[in-house]
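A quick write-up on the structure given underneath.
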Amino acid sequence: MAGEDFSWYGRAGVPAVILWVGGVNPERYEAAIKSGSPLPGLHSSEWAPDHEPTIRTGVGVLTTAALELLGKP
């Protein structure tokens, strides 16, 4: 994103990571590829993730990352 300022944390010496989780229904993604029409971006009012698998995956990944970072099994 042109206005994304998150990278400034890392440039200032703050440990940082950004995580991208895909959230598009696979059938919708395939249809967009075949038709050549772009999918709405994250900051679009038309962005509509596939809720259940997106939340499940995001929570799982963030939990695993936090446990690894904290040195927990």
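Quick look at the values:
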item: Residues that are out of contact with any Pro (no Cβ under 9 Å at 6 or more places or on another chain) and surrounded by 10 or more Cβ atoms within 10 Å (Cβ to Cβ), drawn from segment 45-58; result: 49, 51, 53, 54, 56, 57, 58
item: Condition check for residue 61: in contact (Cβ under 8 Å) with a residue 12 or more places away in the chain and either surrounded by 12 or more Cβ atoms within 10 Å (Cβ to Cβ) or basic (Lys, Arg) (or both); result: yes
item: Residues satisfying the stated conditions in segment 6-29, i.e. more than 20 Å from residue 65 (Cβ to Cβ) and either in contact with an Asp or Glu (Cβ under 6 Å, 6 or more places away or on another chain) or open to solvent by 90 Å² or more (accessible area, probe 1.4 Å) (or both); result: 8, 11, 25, 27, 28, 29
item: Segment 22-46 residues that are at negative phi and without any contact (Cβ under 8 Å) to a residue 24 or more places away in the chain, paired with ones that are assigned to a loop (DSSP other than H, G, I, E, B) and open to solvent by 80 Å² or more (accessible area, probe 1.4 Å) (beta carbon under 6 Å, 6 or more apart); result: 40/46; 40/47
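The values are calculated or read from the model by the stated rules, or taken from the named source; none is laboratory data. All of these numbers come straight from a predicted model, not from anything done at the bench. Heads up, the Cβs are rebuilt from the backbone with ideal geometry, glycines too, and the neighbour counts pull from every protein chain shown. Note: areas computed on protein heavy atoms with side chains; ligands, DNA, RNA excluded. Shrake-Rupley method; radii C 1.70, N 1.55, O 1.52, S 1.80 Å.
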